[in-house]
Amino acid sequence: MATIRKQKVGKYTYWQIVESKRVNGKPRPVVLMHLGTAEQLLYKLKEGPLQKEIRSASHGAVQLFWQTAEELDLINIFNRHFSAQVRDGLSVGKSLLLAAIHRAIKPDSKRAFSTWAKQTTLPEIAGFNPEKLDSQHFWEQMDTVTDGQLEEVEKEITKKMIAKGLLSSKLLFYDLTNFFTYISTTNENSKLAQRDRNKQKRNDLKQFGLAQVATREFLIPVLSQIYEGNKTDKELFIPSLTKIRKKLSELNLQLEEFTIVFDKGSNSKANFAKLDDSKLPYVACLTATYHKDLLDIPLSNYQQVKVNGKECLCYRTKKKVWGKERTIVITLSEKLRQGQLRGLNQALVKKQEQLQELKNKLNSPRAKKRTLKEIEEKVKNIVKGERCHEIFNVSITEKDDGRFDIDWEINSQVYQWITQNLYGKKLLVTCREDWSTEEIIAAYYGQSNIERVFKHLKNPYHHAVYPQYHWTDQKIKVHTFICLIGLLLSQVLWKKARDASYSMSIETLIDRLTEIRKAEIVTITSLKGKPKKQTQLEKMDLELQKLYETLIEK
């Protein structure tokens, strides 16, 4: 309840409206409004009722994220497994949850959290003082988290997902990606951060990798693994497979009920042998160029099937692959073929320009002499990629003056085979012999869903793993966990909206909910009466209001 008090400053007496609130568990007077001196206040009262200050803050997104976290019991799950340390009135689990909500709604550094939080009603909803939550607060809370604790939390969250019917899909999608960092080359504190080919073309920076297993429906994360940035997909497959088996077993789920779907980056003879031994059913993709006999099958042998409501041209057979007969489904997509064809033709034009530039340099009398080995290496670098090394026939000839020249031609037969027999085709392999061709294709098409998980985690406006300003393996793991929790909350909230027949992306949903603001209005009618404080939502369009009310009630 708000009251009026006087405050003496020097020889002047001022009046204030204050309200008692608990800050870090202790009652403290919080100033709602400065009224000025008695003379100033009398003047304002003669003019009529004194109204305001009005404070407005973003409310819809933070409220619904916090509500979703409560429905999933995340605070209690965190508190059961993380350290009991309390800093600035917050447990470790609560600090991590606040950071996760921040990453989902407006990803920024830990230092920027306080500024962002003060523009929302999250401090009021979650009960904390944003002024005290600086980067040091989060670093000290994160310091207490161990790998074992993260695994236990992930396991309990998965159990909660199953109990709420959010993990009903029998398909598990597996894929990997990497995230660049700004960790210095000379920094030896992180073994995870290593240099290798970065998927965002930042090969100049160190990176770490993330292996992810998610369900088909709503992309609920099931398992996550951070790994060294210089490890390949093939190297990570068996360790990840072991973790998948262990987790399904700990959750008392039958391996035969699930099917893992993965891309060709994880293919190897050893990996498939381990997969056969594991008894875990799979749908995967083969590298097409290793199976030219399948690519040369006439299109007259293909048949039309309907997958997810769309027509698809395919051919089903069996073939011995890596020592075992397996079911193969070849799919043909004209849309995919046309896209690959455009990419190839663009690459051919660009590489011919680069070859011509090299030829001009070699023929320039002012150019320095190059050795045959140097020219061969340069040509190799120019024609690599997009299968151009197969299409270009480049000849290097030595001239009378000891210099070299190059000429080239496009092998039309190879070009035709690639564009007609290879492009547009995918070779799927599975042990699910009892599945229909449509089911096999639909399962693999769902693999694109997990790529959306990585797309969310690289979206600079919501969920982004970077910017991440951490320099040790432990901090990188906890930071990524925070981002995944933010994504989990978004996915569950998005599922609610979708169940209510709202069709929009996660990002659009968050942006719309952020528009919902809550206003606090303080009104004084006389010195005798007590100030009246009201809170209400700002006016919004009817569609947004209906969305908000629907999600609040669910």
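The values are calculated or read from the model by the stated rules, or taken from the named source; none is laboratory data. Just so it is clear, the structure is predicted and the values come from calculations on it, not from any experiment. Positions of Cβ are backbone-derived with ideal geometry, glycine not excepted, and every protein chain shown enters the neighbour counts.
A few remarks follow.
- Among the residues listed as 329, 321, the single one being under 33 Å from the mean Cα position of the chain (by Cα) and in the same structural domain as residue 282 (by TED's automatic domain parsing): 329
- Sole exception among (1) at positive phi; (2) surrounded by 12 or more Cβ atoms within 10 Å (Cβ to Cβ) for residue 345, by number: (1)
- Meets criteria (in the same structural domain as residue 443 (by TED's automatic domain parsing) and under 16 Å from residue 423 (Cβ atoms)) for residue 297: yes
- Residue selected from the range 64-109 under the condition part of a helix (DSSP H, G or I) and among the basic types (Lys, Arg), by the criterion farthest from residue 516 (Cα to Cα): 80
- Number of the condition not met by residue 391 [criteria: (1) surrounded by fewer than 16 Cβ atoms within 10 Å (Cβ to Cβ); (2) touching a helix residue (DSSP H, G or I) at 6+ places or on another chain (Cβ under 7 Å); (3) of a type in the set (Val, Ile, Thr)]: (1)
- The lone criterion from (1) more than 22 Å from residue 433 (Cβ to Cβ); (2) at pLDDT 95 or above; (3) among the polar types (S, T, N, Q) left unmet by residue 333 is number (2).
- Of the strands (runs of 3 or more DSSP E) lying entirely inside the range 377-449, the ones with 1 or more residues being under 17 Å from residue 359 (Cα atoms) and over 42 Å from the mean Cα position of the chain (by Cα) are found at 392-398, 404-410.
- Of all residues in the range 454-476, one or more are in the same structural domain as residue 187 (by TED's automatic domain parsing), under 30 Å from residue 429 (Cβ atoms) and without any contact (Cβ under 8 Å) to a residue 40 or more places away in the chain.
- Index of the failed condition, residue 167 passing every other in (1) part of a strand (DSSP E or B); (2) in contact with a Ser or Thr (Cβ under 7 Å, 6 or more places away or on another chain); (3) hydrophobic (A, V, I, L, M, F, W, C): (1)
- Among (1) surrounded by fewer than 17 Cβ atoms within 10 Å (Cβ to Cβ); (2) outside any loop (DSSP other than H, G, I, E, B); (3) of a type in the set (S, T, N, Q) - the single one residue 141 does not satisfy: (1)
- Per the conditions (1) closer than 15 Å to residue 133 by Cα; (2) in contact (Cβ under 8 Å) with a residue 12 or more places away in the chain, the sole criterion not satisfied by residue 105 is (1).
- Residues that are part of a helix (DSSP H, G or I) and of a type in the set (D, E, K, R) were ranked within the range 450-496; the one that is surrounded by the most Cβ atoms within 10 Å (Cβ to Cβ) is 477.
- When the test is whether a residue is touching a strand residue (DSSP E or B) at 6+ places or on another chain (Cβ under 8 Å), without any contact (Cβ under 8 Å) to a residue 40 or more places away in the chain and not aromatic (Phe, Trp, Tyr), residue 299 passes it.
- Among residues of the range 488-510 that are within 19 Å of residue 165 (Cβ to Cβ), those with a beta-carbon under 6 Å from a residue that is among the hydroxyl-bearing types (Ser, Thr, Tyr) and surrounded by 15 or more Cβ atoms within 10 Å (Cβ to Cβ) at least six positions away or on a different chain give the pairs 489/68; 492/68; 493/68; 500/550.
- Here residue 504 meets the list (1) assigned to a helix (DSSP H, G or I); (2) closer than 24 Å to residue 57 by Cβ; (3) of a type in the set (A, V, I, L, M, F, W, C) almost entirely, failing just condition (1).
Yes/no matrix, rows are residues, columns are (1) touching a strand residue (DSSP E or B) at 6+ places or on another chain (Cβ under 8 Å); (2) surrounded by fewer than 20 Cβ atoms within 10 Å (Cβ to Cβ); (3) farther than 26 Å from residue 490 by Cβ:
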| site | (1), (2), (3) |
| --- | --- |
| 180 | yes, no, no |
| 187 | no, yes, yes |
| 191 | yes, yes, yes |
| 202 | yes, yes, no |
| 212 | yes, no, no |
| 215 | yes, no, no |
| 230 | yes, yes, yes |
| 253 | no, yes, no |
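- Pairs are defined by a Cβ separation below 8 Å, a sequence spacing of at least 6 or placement on different chains, a first member in the range 27-50 that is part of a strand (DSSP E or B), and a second member that is modelled with pLDDT of 80 or more and among the acidic types (Asp, Glu); the pairs so defined are 29/19; 30/19; 32/19.
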